[in-house]
Structures are given as structure tokens and as C-alpha cells.
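Worksheet: one structure, shown below.
Throughout, read-outs are computed from the coordinates displayed, never taken from laboratory work. Given the structure is predicted, the values throughout are model-derived calculations rather than measurements. Cβ: placed from backbone, ideal geometry, glycine included. Neighbour counts: every protein chain shown.
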Amino acid sequence: MFRYMKILNKNFSGPTSVRYLSSFEKFKRWYRDLWYPKGPAPPFKHVSQLGDPTLRLKSSEVVLDELSSERIKNILLVLRGVMKHYKAIGISAPQIGIPLRIIMIEIPDSLVEKFGPETCKTREIVPTPFKVFINPVMQVKDFKKTLFPEACESLKGISAIVPRYRAVHVKGYEYDGSPTEWDATGWAARIVQHEMDHLDGQIYTDIMESKSLQVDLWKKINVHQGKILIKYNK
Ligand SMILES: [Zn+2]
């Protein structure tokens with residue numbers, strides 16, 4: 001296959017290349033589909049990665065009357081499952097291929113232990129029980145911006161410093177359609193803003209301090225001479 005591709009490439013300069021190009025395009029599609037067959041339909045049981053068009057869409061509101069439908073119940077169940085599986089502290093429906101306005105947040109005790117008391121104090125990280133917001137609406141409560149590193153499961157392996165408002169108010173609906181609201185400060189407010197951005201097709205790299213972008217394993221990559229395996233599912 002590889003040899004065939006090389007031969008076709010040679011023909012691209014001449015006037016006959018258009019004919020070759022079209023058959024080459026067909027070949028490429030066939031070759032790609034061979035190795036990358038269509039996978040399961042969303043909701044995915046993995047987190048999709050940047051490049052997936054859904055991550056750049058403006059998500060639609062959930063029709064509240066449909067909250068009890070099997071389709072929406074399944075989306076909510078899968079989203080929560082993926083969040084747990086990835087040990088994510090925040091997740092949004094577009095990240096499992098569903099362009100609907102749903103976000104989930106949870107800061108477990110283990111994260112606080114992982115970061116340690118000093119970092120938690122600086123970044124205002126406090127344990128936060130699980131929360132779901134369907135059709136969330138956010139209002140900024142404290143316009144002071146904080147600068148801290150942020151990562152995203154949809155951009156595996158990288159992080160950057162991102163400015164975020166210090167405090168926000170968010171309101172939306174719970175699983176059963178009852179209204180819910182919350183004042184989030186510090187790290188929790190950062191997560192809310194990050195997930196709200198996902199619902200509008202925004203990614204943290206759109207607003208990051210660009211020179212702070214890093215591959216998190218860069219040291220390990222040097223130590224192991226590049227022989228590092230990155231999995232896109234845990
Ligand atoms: Zn994210």
C-alpha cells in the first residue's frame with residue numbers, strides 16, 4: 001500500500017495528475033476507513049479529543065420535558081460514568097460527542113490530598129460534592145482574575161496557565177428537572193468556567209497564556225528517550 005501511494009505521488013506534477021488525484025483521494029478514503037472504521041455512535045464511553053468537530057459546536061439546550069426519556073437518561077448516565085472513569089473534576093456533554101448543555105463537577109478529597117495544603121490554599125481548592133447542571137447559566141461574581149495551570153481531558157497530556165474569574169454563580173437544572181444554583185469560588189469557579197466554555201465550543205487554549213503551554217510529561221520523555229505511551233482511555 002505504501003509503495004502504491006509513493007507511485008501516485010510522483011504523478012501529481014503533470015497535467016494528468018487531476019485524474020490520479022481523484023482516484024488517489026478515493027484510495028485514501030478507502031485506506032483510512034480500512035484502518036479507522038466507524039466506531040460506536042455517541043455518547044462515547046471515552047473522552048473525545050480536540051479535532052472532533054463536536055468540541056467546537058455551540059451546544060443546544062436540553063428540552064426539560066425529555067429529561068425522563070431513555071436517550072437523555074442514558075447520556076447523563078454515560079457522562080457520569082466517563083467522569084468517574086477518568087477521575088475528572090469537571091466534564092461536559094460535548095466531550096462524549098453530545099452537543100447538549102450539560103456539565104458535571106466534583107472535587108474529591110483525594111485531589112485536595114494530592115495537591116497538599118499549601119497549593120490548595122493558594123488555588124482555593126476545597127472538596128466539592130458532585131453537582132450536575134443541565135442548561136447552566138453562569139454569572140460572574142468576582143471579576144478578579146486568577147492565573148493557574150489548567151488541563152483538559154480533551155487535550156490529553158498538555159496544560160497551560162489560564163486566566164479565570166475568581167467567583168461565579170451558576171444555575172441550572174438537576175437530573176429530575178428541579179432548579180439548582182451554586183456560588184462557586186476559586187478552583188470550583190475555574191472548573192465551572194472551563195466546562196461552560198465547552199458548551200460554546202471554546203477550549204482553554206483559546207484564552208491561555210500561550211507561552212505557558214507545555215507537554216506535562218516532557219521530563220519523563222527525555223529520561224525515557226521518547227519511549228512514552230500515552231493512552232486516550234484510562
Ligand atoms: Zn475540558
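Might you report the magnitude of the Cβ-based charge dipole of the chain about its Cα centre, with Lys and Arg at +1 and Asp and Glu at -1, to the nearest 20 debye?
On the way: 36 positive and 25 negative charges, 314 e Å.
Using Cβ point charges on Lys, Arg, Asp and Glu, the chain gives about 1500 debye.
Could you give the length gained on full extension between Leu217 and Lys38, defined as 0.36 nm per residue of separation minus the Cα-Cα distance, in nm? Mind dumping the intermediate values first?
Numbers: separation 179, 0.36 × 179 = 64.44 nm, distance 3.07 nm.
Length difference between fully extended and current span is 61.4 nm.
For the chain, modelled as a GNM with alpha-carbon contacts under 10 angstrom, which of Lys171, Lys26, Lys219 fluctuates the most?
Taking springs between Cα atoms under 10 Å, the residue moving most is Lys26.
Pick from Pro42, Pro108, Pro129 the residue whose mean-square fluctuation is largest in a GNM of the chain, springs joining Cα atoms under 10 Å.
Pro129
If you wrap a convex hull around the C-alpha atoms of segment 100-234 and split its volume per residue, what is the figure in Å³? All intermediate terms of the calculation are to be shown ahead of the outcome.
Working: hull volume 18.1 nm³, N = 135.
Cα-based convex hull of segment 100-234, divided per residue, equals 134 Å³.
Stretch Phe143-Lys156 to full length: gain in nm at 0.36 nm per residue minus the Cα-Cα span?
On the way: separation 13, 0.36 × 13 = 4.68 nm, distance 2.92 nm.
Value of the extension gain: 1.8 nm.
For segment 141-234, with only Lys/Arg (+1) and Asp/Glu (-1) charged at the beta-carbon, what is the dipole magnitude about the Cα centre, in debye rounded to 20? Present the calculation step by step, with values, prior to reporting the outcome.
On the way: 14 positive and 13 negative charges, 140 e Å.
Value, rounded to 20: 680 debye.
Taking only DSSP H segments of four or more residues, each worth -39500 (n - 2.57), what value at 222 nm results for the chain once the sum is divided by all its residues, to the nearest 500 deg cm²/dmol? Walk me through the numbers before you get to the answer.
Numbers: 6 runs with 79 residues, N = 234.
-10500 deg cm²/dmol, from helical runs alone.
Please compare each pair in Lys38/Lys131; Lys38/Lys231; Lys121/Lys145; Lys58/Lys131; Lys145/Lys171; Lys28/Lys58 to a cut-off of 27 Å on the Cα-Cα distance and tell me which ones are over it. Before the final figure, lay out the partial values.
Details: Lys38/Lys131 33 Å; Lys38/Lys231 20 Å; Lys121/Lys145 16 Å; Lys58/Lys131 22 Å; Lys145/Lys171 21 Å; Lys28/Lys58 31 Å.
The answer is Lys38/Lys131; Lys28/Lys58.
When the Debye formula is applied to the Cα atoms of the chain, each taken as the same point scatterer, what base-10 log of I(q)/I(0) results at q = 0.08, 0.11, 0.13 Å⁻¹?
Debye intensities relative to I(0), on a log10 scale: -0.40, -0.67, -0.86.
Loop only per DSSP, at most 16 neighbouring Cβ atoms within 10 Å: give me the chymotrypsin sites (Phe, Trp or Tyr not before Pro) in segment 148-214, ordered by residue number.
Values: sites: Tyr165, Tyr173, Tyr175, Trp182, Trp187, Tyr204; in loops: Tyr175.
For chymotrypsin sites (Phe, Trp or Tyr not before Pro) across segment 148-214 that sit outside H, G, I, E and B with at most 16 neighbouring Cβ atoms in 10 Å, the list reads Tyr175.
Mean-square fluctuation check for the chain, GNM, Cα pairs under 10 Å: which of Val63, Val215, Val223 is largest?
Between Val63, Val215, Val223, it is Val223 that shows the largest mean-square fluctuation.
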